[in-house]
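The values are calculated or read from the model by the stated rules, or taken from the named source; none is laboratory data. These figures come from a predicted structure and were not determined experimentally. Note that we place each Cβ from the backbone using ideal geometry, even for glycine, and neighbour counts take in every protein chain shown. Keep in mind that these areas ignore ligands, DNA and RNA; they rest on the heavy atoms of the full protein, side chains included. Shrake-Rupley method; radii C 1.70, N 1.55, O 1.52, S 1.80 Å.
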Amino acid sequence: MPALLGLLALVLPLFRGPAGMQPTAATTMTVAQAISSQSGTGTVRGYIVGQPTASSTVLFGDFTADTALAIADSAGERSTSRMLYVQITSGYRATFGLQSNPGRIGALLTVTGSLTAYFSHPGLKSPTAMTGPAGDDAYYAAAAGKSGASLKSALHGIISSGVTTLSYDAVWNALKVTDQDPANPSNVILVYSGTSRSKSLNGGDPGDWNREHVWAKSHGDFGTGNGPGTDLHHLRPEDVHVNSERDNKDFDAGGTAVQDAPGNRTDADSWEPRAAVKGDVARMIFYMAVRYEGGDGHPDLEVDDATGGGTAPRLGRVSVLLQWNAQDPPDAFEKKRNETIYSTYQHNRNPFIDHPEWAASVFGQDTFARTFSSALATVADSAAVMREVKWRRMPSR
């Protein structure tokens, strides 16, 4: 027996993975745990919140390098004492460096490395693994290398697999989580109005908020049954009266100002949302057009370049939606919402939040694909301001 034990002691190590790559699913730490456990090797999961430049200094915009990032347990964290500083070594800079990838702000990161001080601050250095949301590459593996109709088909399969559907009643409580005001956990943010309103004021009376179908349910006549009528990826809180004003209009630029929702405009057959959520609206519409392809008893939803389509299962205007997708990239709030829907409720993702560049390929606007990178660069300088303004409470009217 001693001889056998000795043989096992020699053989078993051969079946272990490389250093730093041991199974970590059961031992993944929160940022708070990593901050208090600064020794050895660990795997940490948190939201990317900025670029550290000194022990107590973190940039939240106008990033200057690709060599470091800060993660936290909350996507809206601003206190450096609750952040873990992560070294980005050369092999990961092209993918995770914030100067090159400012859109990573607000995204979940899982990273494995040495838990040790960085910038004289609790940190993680010499990473051996860094992955994005939902293991990003693994989740979208079936879409790798595809474009156009093939990409759309692959994404449909990915986001339609293993989905949990909610009842319409269950949507109330879900929205209180997905759309919670980062500055006031007792409130939700209204999508068009931009105001912060008490979670308890959900209902149908004046002053209440209700469940806005961004893809108007009459465009396909799918109602409120489980499926497109209860899909959280396009359901958002909105004031009862503003919801009624938007009605079932398509999305387009122009119109007259909406008094109860500053920054929004409308005319007889279209609605233009405030600038801070134009991209959000576009990506919700793109999601619906890919998720619902006529199977499972649901209508085949499509985007087109028109307005005023009545009850047909289509919504426009796609050329304008593509512009909005480029002008208003995903921010921390939108990314966190996508992650919450994936991890807590439906277990599927909106691929156009994770990869907004895919919209051009799927919806046939080749020129958009060529200009997307330059459009992101143009807005990058103002991205930090937009993130703060977007969810700031606006004065009640």
With the structure loaded, tell me whether D305 is open to solvent by 20 Å² or more (accessible area, probe 1.4 Å), in contact with a Ser or Thr (Cβ under 7 Å, 6 or more places away or on another chain) and at pLDDT 95 or above or whether it fails that test. yes
Assuming M1 fulfils every condition listed in (1) open to solvent by less than 70 Å² (accessible area, probe 1.4 Å); (2) of a type outside the set (S, T, N, Q); (3) modelled with pLDDT under 95 apart from one, which condition is it? (1)
Within region 331-345, does at least one residue satisfy the condition of being modelled with pLDDT under 90, open to solvent by 50 Å² or more (accessible area, probe 1.4 Å) and closer than 24 Å to L59 by Cα? no
Could you give every pair whose Cβ atoms fall below 8 Å, whose first residue belongs to region 323-349 and is among the hydroxyl-bearing types (S, T, Y), and whose second residue is in a loop (DSSP other than H, G, I, E, B), counting only separations of at least 6 or pairs across chains? Y342/N348; Y342/R349; Y345/T164; Y345/L166; Y345/L232
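So, K125, is that one surrounded by fewer than 19 Cβ atoms within 10 Å (Cβ to Cβ) and part of a strand (DSSP E or B) or not?
Details: surrounded by fewer than 19 Cβ atoms within 10 Å (Cβ to Cβ): yes; part of a strand (DSSP E or B): yes.
Taking the combined requirement at face value, the residue satisfies it.
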Are any of the residues in region 103-113 open to solvent by 50 Å² or more (accessible area, probe 1.4 Å) and touching a residue at least 60 places away in the same chain (Cβ under 8 Å)? no
Log entry, pairs with first residue in region 59-71 being in contact (Cβ under 8 Å) with a residue 40 or more places away in the chain and at negative phi, second being in a strand (DSSP E or B) and open to solvent by 20 Å² or more (accessible area, probe 1.4 Å), beta carbons closer than 7 Å, six or more apart or on different chains, reads A68/Q87; I71/Y47
Name the residue that is farthest from E272 (Cα to Cα), counting only residues in region 295-324 that are in contact with a Lys or Arg (Cβ under 6 Å, 6 or more places away or on another chain) and outside any loop (DSSP other than H, G, I, E, B). E302
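Before we move on, is G46 at pLDDT 90 or above, on the phi < 0 side of the Ramachandran plot and buried (at least 23 other Cβ atoms within 10 Å of the Cβ)? Break it down stepwise before answering.
Numbers: at pLDDT 90 or above: yes; on the phi < 0 side of the Ramachandran plot: yes; buried (at least 23 other Cβ atoms within 10 Å of the Cβ): yes.
The answer is yes for G46.
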Hits in region 278-291 (condition: open to solvent by 10 Å² or more (accessible area, probe 1.4 Å) and among the aromatic types (F, W, Y)): none
Can you pull out every residue in region 128-166 that is touching a residue at least 60 places away in the same chain (Cβ under 8 Å), of a type in the set (S, T, N, Q) and open to solvent by 50 Å² or more (accessible area, probe 1.4 Å)? T128, S147, S161, T164, T165
Residues of region 55-92 being open to solvent by less than 60 Å² (accessible area, probe 1.4 Å), within 20 Å of the chain's Cα centre (by Cα) and of a type in the set (D, E), in sequence order, are E77
